[in-house]
Amino acid sequence: MSKVLKWFTRDSFILPIVAILMGLILGGIVMLIGGYNPIEAYGALFKKVFGDMYNFGEAVREMTPLIMTGLAFAFASRAGLFNIGGEGQFLVGMTAATFVGVKFAGLPIYIHAPLALIAGAVFGGLWAAIAGYLKAARGVNEVISSIMLNWIGLYLANLIVRQFLLLQGENRSVDISESASISLTWLSELMGNSRVHLGTLIALVMAVLFYIYMWKTKQGYEIRAVGYNPNAAEYAGMHVNRNIVKAMFISGMLAGLGGAFQVLGVFQYQTVMSGSPGTGFDGIAVALIGLNHPFGVLLGALLFGTLTYGSAGMSFAADVPPEIIRIVIGSIIFFIAAQGIVRWVLKPFYSKRKKEKVL
């Protein structure tokens, strides 16, 4: 019991919680300035998410790709890499899964669905590994290369859909085969016919595997060592360049799986997109809220998904613009990044706790 209490009083737990509360308070102040009732707005937001099974299921569906792109960014961050290319990796993984889902029709479900998921993960990983290789072999900053790869990934995805998968007369692909779908009909019916799918369970498993790999294995230790100090890691005999490429590949696999989940579990087809969906960029915010820890990412996705999906209810029920939720999310990230402000707010609490220890 004492260990649990000690964990809940650690800075790594207290600071994000206080940052979230400060972000919500700042959002409430903005609403008051705009002439809106923050209590009514937040009440409508949470009622939208938790008011019935359908909306709760849809909120969970909204959180699932955020978990994957958040884990992708967090994994690369542990290796000292800023993988801003999750968006492109998400789209490439989505396209690979769609291609397998459409073109390999006729396979049994126990082969087709796993094959489509594996294709999404592998191609997402390979797309990220390009930036990793350029960083390791040529010293190209991964931020620049991955941003460029985001746009290439978007237009490549559209090209593949148009050339090989297009539904006649529509601006989207043909539907994937039923054998490639990871939708869970029984769970969907249980949750008001919401679009829940197997990808959510896989995302939770990925978070656990992330933790085990990063903190319980030799390879994970090497990746973290490279992230802390690549020069010291190289002096200790670790292969820095190999770990950079490996970290980017695994990061891209996670983002690619997130894209595969969207096609195989939610929409069952892929559209020709005029712009990026933004899921990869939102994953960066989720990872920052979760302090780049896999279990923190789960909580960050829960918060982000709740606020994003619930903003529609806030808009309809309380007439509050949904853009205010972006202010709230931005404020939370700001306070998490600027921990000095949060520590200043908590200073009286820390002083009191020190006095109690002395006594």
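The values are calculated or read from the model by the stated rules, or taken from the named source; none is laboratory data. This is a predicted model, so every value here is computed, not measured. Please note: Cβ atoms are built from the backbone with ideal geometry, for glycine as well, and neighbour counts cover all protein chains shown. The accessibility values were calculated without ligands, DNA or RNA, using every heavy atom of the protein model including side chains. Shrake-Rupley method; radii C 1.70, N 1.55, O 1.52, S 1.80 Å.
How many of the residues making up the range 1-42 are in a helix (DSSP H, G or I), surrounded by fewer than 12 Cβ atoms within 10 Å (Cβ to Cβ) and at pLDDT below 85?
The number of residues fulfilling the criteria is 8.
Name the one entry in Ala233, Ala247 that is without any contact (Cβ under 8 Å) to a residue 24 or more places away in the chain, part of a helix (DSSP H, G or I) and among the aliphatic types (A, V, I, L, M). Let's see the steps before the verdict.
Numbers: Ala247 fails: without any contact (Cβ under 8 Å) to a residue 24 or more places away in the chain.
The conditions single out Ala233.
When the residues of the range 48-57 are narrowed to those that are open to solvent by 70 Å² or more (accessible area, probe 1.4 Å) and at pLDDT 90 or above, which ends up farthest from Tyr309 (Cα to Cα)?
Restricting to residues being open to solvent by 70 Å² or more (accessible area, probe 1.4 Å) and at pLDDT 90 or above, the top hit is Met53.
Looking at the structure I just gave you, is Phe281 closer than 30 Å to Leu24 by Cα and modelled with pLDDT of 90 or more?
Working: closer than 30 Å to Leu24 by Cα: yes; modelled with pLDDT of 90 or more: yes.
The answer is yes for Phe281.
Condition check: modelled with pLDDT of 90 or more, in a helix (DSSP H, G or I), open to solvent by 50 Å² or more (accessible area, probe 1.4 Å) and β-branched (Val, Ile, Thr). Does Val286 satisfy that? Reasoning before the result, please.
On the way: modelled with pLDDT of 90 or more: yes; in a helix (DSSP H, G or I): yes; open to solvent by 50 Å² or more (accessible area, probe 1.4 Å): no; β-branched (Val, Ile, Thr): yes.
Against the criterion (modelled with pLDDT of 90 or more, in a helix (DSSP H, G or I), open to solvent by 50 Å² or more (accessible area, probe 1.4 Å) and β-branched (Val, Ile, Thr)), Val286 does not qualify.
Could you check the range 82-117 and list, in sequence order, the residues that are in a loop (DSSP other than H, G, I, E, B) and open to solvent by less than 10 Å² (accessible area, probe 1.4 Å)?
Asn83, Gly85
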